[in-house]
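Single-structure report; data block below.
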Amino acid sequence: QPDEVDPPEGKTLDGLKHELLIDNVHFSYIPGKEILHGVTIKVDKGEMVALVGPTGSGKTTVMNLLNRFYDVDSGAITFDGVDVREFKLASLRQNVGIVLQDPQLFSGTIRDNIRFGDPDADQARVEAAAKQANIHDFIVSLPEGYDTFVSDEQSVFSAGQKQLMSIARTILTNPRLLILDEATSNVDTVTEAKIQAAMDNVIQGRTSFVIAHRLKTILNADKIVVLRDGNIIEEGSHEQLLAQNGFYAELYHNQMVFE
């Protein structure tokens with residue numbers, strides 16, 4: 001991973017007022033091996049955009065660029081017209097919440113884990129976030145409740161419980177832009193429903209990107225962007241893409257066979 005460059009006169013990102021634009025972005029991790037080939041995605045404030053495509057299509061790369069873990073080779077990513085490279089890194093990342101497929105819990109209490117992004121949050125806010133994430137009832141059922149100690153080495157929590165705690169942590173930081181790497185692949189159906197409801201809660205009213213692995217979870221997306229080999233090959237709502245009867249429709253029908 002490259003050295004992070006904080007602009008000397010960095011601007012403060014004060015939320016998103018109008019639109020986020022990924023504008024003709026080319027990117028390569030290794031020089032000469034381009035991963036994204038002129039990708040353009042326009043997102044209006046409050047929209048949910050789903051990224052769909054096979055492994056290696058560029059979905060995760062788009063996420064890495066949004067949070068400036070890497071910089072584009074050419075093109076630009078802008079928040080309300082301001083290039084992402086002009087913002088202070090800390091300011092940018094305070095505005096971007098990420099829920100990953102395999103969330104990390106840290107050594108400390110459950111309370112500490114949930115308020116990791118906002119250590120000054122009081123108990124009422126911690127509990128409100130946990131309730132929105134559908135994990136509060138489970139936490140209070142534990143003998144130590146929110147004081148239950150979590151070990152990062154040998155966690156007794158299931159993948160689904162970790163996911164819900166991670167969502168609670170994200171809700172508490174109240175990000176303006178949300179990145180969700182949908183992670184409901186290795187959980188039972190009851191937990192999956194809880195995670196889906198928690199995801200819906202955290203997305204509500206926020207501009208969000210969802211990396212979708214199972215298409216039934218993104219049917220209500222404002223926009224679905226289909227990537228293949230670093231190119232956008234289709235874009236539209238679920239209904240529009242089904243009507244096109246192209247790559248997305250094929251993916252969707254193939255998945256529905258197994259549901």
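The values are calculated or read from the model by the stated rules, or taken from the named source; none is laboratory data. Remember, it's a predicted structure, so these values are computed and weren't measured experimentally. So basically every Cβ, Gly included, is an ideal-geometry build from the backbone, and we count neighbours across all protein chains shown.
Some notes on this structure:
- With respect to the conditions (1) touching a strand residue (DSSP E or B) at 6+ places or on another chain (Cβ under 8 Å); (2) on the phi > 0 side of the Ramachandran plot, residue 98 falls short on a single one, namely (2).
- Residue satisfying condition, being more than 25 Å from residue 55 (Cα to Cα) and out of contact with any Lys or Arg (no Cβ under 6 Å at 6 or more places or on another chain), within set 245, 201: 201
- The stretch 106-127 residues that are on the phi > 0 side of the Ramachandran plot and surrounded by fewer than 18 Cβ atoms within 10 Å (Cβ to Cβ), paired with ones that are aromatic (Phe, Trp, Tyr) and part of a loop (DSSP other than H, G, I, E, B) (beta carbon under 9 Å, 6 or more apart): 108/116
- Test result for residue 91, within 24 Å of residue 248 (Cβ to Cβ), in contact with a Gly (Cβ under 8 Å, 6 or more places away or on another chain), small (Gly, Ala, Ser) and at pLDDT below 90: no
- Failed item in (1) touching a Gly at 6+ places or on another chain (Cβ under 9 Å); (2) buried (at least 21 other Cβ atoms within 10 Å of the Cβ), with residue 191 passing the rest: (2)
- Candidate set from the stretch 151-174 (those that are farther than 12 Å from residue 103 by Cβ and among the β-branched types (Val, Ile, Thr)); member that is nearest to the chain's Cα centre (by Cα): 171
- Condition broken by residue 175, with the remaining ones in (1) more than 22 Å from residue 47 (Cα to Cα); (2) out of contact with any Leu (no Cβ under 9 Å at 6 or more places or on another chain); (3) of a type outside the set (A, V, I, L, M) satisfied: (1)
- Of all the listed residues (14, 6), the sole one being outside any strand (DSSP E or B) and either farther than 25 Å from residue 210 by Cα or touching an Asp or Glu at 6+ places or on another chain (Cβ under 7 Å) (or both) is 6.
- The residues of the stretch 134-156 that are at pLDDT below 90 and over 12 Å from residue 106 (Cα atoms) amount to a single one, 156.
- Pick from the stretch 201-229, criterion in contact with a His (Cβ under 9 Å, 6 or more places away or on another chain) and modelled with pLDDT under 95, ranking: surrounded by the fewest Cβ atoms within 10 Å (Cβ to Cβ): 220
- In the stretch 146-156 there is no residue that is assigned to a helix (DSSP H, G or I), of a type outside the set (Gly, Ala, Ser), without any contact (Cβ under 8 Å) to a residue 12 or more places away in the chain and surrounded by fewer than 16 Cβ atoms within 10 Å (Cβ to Cβ).
- Filter result (touching a residue at least 40 places away in the same chain (Cβ under 8 Å) and small (Gly, Ala, Ser)) within the stretch 19-55: 28, 38, 46, 50, 53
- Hits in the stretch 47-64 (condition: more than 13 Å from the chain's Cα centre (by Cα) and polar (S, T, N, Q)): 55, 57
- Residue identified as touching a Lys or Arg at 6+ places or on another chain (Cβ under 8 Å) and small (Gly, Ala, Ser) among 168, 124, 129, 133: 129
- Residue 100 being modelled with pLDDT under 90, more than 19 Å from residue 43 (Cβ to Cβ) and surrounded by 17 or more Cβ atoms within 10 Å (Cβ to Cβ): no
- Which numbered condition residue 147 misses (of (1) touching a strand residue (DSSP E or B) at 6+ places or on another chain (Cβ under 6 Å); (2) closer than 30 Å to residue 13 by Cα): (2)
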